[in-house]
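Bear in mind these aren't lab numbers, they're just calculated from the coordinates by the rules spelled out. Quick caveat, the model's predicted, so the values are computed rather than measured.
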Amino acid sequence: MHRIAMLGTGLIGLFYTTTLQGGRGKDRVQVVYSRRKERAKEFADKWQIPVWTDRLEEAVGHPEVDVVVIGLPNDQHARAAKLAAEAGKAVLCTKPLARTGREAREMLEAVEKSDVFAGYLEDLVYTPKTLKALDSVRKGALGKVLWTRSRETHPGPHSEWFWTPAISGGGAIIDMGCHCIEIGRNFIGKDIRPVEVVCWADTQVHPIDAEDHAIGLVRYANGAISQFEVSWTFRSGMDLRDEVSGTEGTIWLNHWLRTGFELFSAAGSGAYVAEKSESETGWMFPVGDEVGALGYRDMMADMLDSLDQGRQPMETFYDGYVVNSIMDAAYRSVASKRWEPVELEVWRGSEEVEKLQAARDFDQDHLLIKRERMPDGREKLILKEKKSGQVVERVV
């Protein structure tokens, strides 16, 4: 059993605590920290947490705590992680790991210097649909992954600090691009180096000093492309979708707006529907198991099982550092309006640059471009002659 210090009592702290203490879980939140005393006490009373405090050092250093979970605003991640490392405590940090690649690297160096367990809480790579899709990809169902697309959009975050770049580090890119980028990395292969990024972003709706909409492309060393789309201007709730295309197949995932649970109400109940839901009447799409559907349950299980078994979790501080570095390149691209390199001072993946080949040997003289079944049952082959380069077709 692990005793946990929960740093933060906002929406993410609530989801994490619900996951850890929901049902008959053996792990318990022992200490809760909030910058506001009244909020810390209120949260502790609700969840029957023995100790509450508004002092960060007290929460991290509490003698009965062995795991520190960071669910704080982005500008506080580095300090909290360094305190946990100095105290010799395992540390789990919410996304994004930091505001910049440099800040993320400092956090990575701190936990590795102290040799403490560190996990990156990137929940959307742990959704049940994503885990199943990743298993299929790793078993070769799609062949070589050529392209991924990940989309997260909603009407905007819940708390005021998200809208302040000095605290958050940016806008929709730093808030949600981190999810989409890491989903793409997992499908393409985290050992494949991200090379460069091109990104458009703008402030289309909200009167803020950060982007509320962005679309970007990340190019990888093997030629694969990962597309991310993020927005705080999307109406009707939260849209979470992923697509993966490979030489041998395709995956489409819709995680949220079509949950399989559809409810129409003219009266409304005044009750919570689902995260980022904008309506309590009309057609609504509730979620039966929200923490499960969003990946929190499998994520926390992986983190704490990995800690117990002395292995690395699926998502590490190093992964968070790579994601932050990709987002740095995206922000530079927004300013320069051109492709920008991903600057990784620490790279732990493959150095091999593999060129994707859509065409394959068909026979000694031809490459296969495409094969298809015709209405009469015969097969048509589109072939490229190796010597002349001419494209020909053959019906067999």
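Data overview
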| quantity | calculated |
| --- | --- |
| Whole-Å distance, taken between Cα centres, linking region 110-129 and region 43-93 | 15 |
| Folded to 0 to 90 degrees: helix 317-336 orientation relative to the chain principal axis, Cα | 70 |
| Reachable lysines, given that their alpha-carbon falls under 27 Å from the alpha-carbon of K129 and they are not under 8 places away in the same chain | K26, K95, K139, K144, K190, K276 |
| Theoretical ellipticity at 222 nm over the chain - DSSP helices of four or more residues, -39500 (n - 2.57) apiece, nearest 500 | -9000 deg cm²/dmol |
| Cα-based helix-to-principal-axis angle, 37-47 vs the chain, degrees rounded to 10 | 70 |
| Dimensions (Å) - region 3-122, Cα atoms, principal axes, largest first | 38, 25, 23 |
| Spatially proximal aspartates and glutamates relative to K370 (Cα-Cα < 20 Å; intrachain offsets below 8 disregarded) | E248, D361, E379, E385, E393 |
| Computed log₁₀ I(q)/I(0) - Debye formula, equal Cα scatterers, no solvent, region 74-154, q 0.18, 0.21, 0.27 Å⁻¹ | -0.83, -0.92, -1.19 |
| Computed over region 150-263, Kirkwood Rh from alpha-carbon pairs, angstrom | 15.1 |
| Per-q log10 I(q)/I(0), the chain, q = 0.08, 0.11, 0.12 Å⁻¹ (Debye; single scatterer per alpha-carbon; no solvent) | -0.47, -0.84, -0.98 |
| Antiparallel bridge percentage (DSSP; both residues within the chain; nearest 5) | 65 |
| More than 19 angstrom apart: percent of Cα pairs within region 281-335 | 57 |
| The chain: angle of helix 296-309 to the longest principal axis, Cα-based, in degrees nearest 10 | 80 |
| J(HN,Hα) series, region 75-87, from Karplus relation 6.51 cos²θ - 1.76 cosθ + 1.60, nearest Hz, glycine and proline x | 6, 9, 5, 4, 4, 5, 5, 5, 4, 5, 4, 5, 7 |
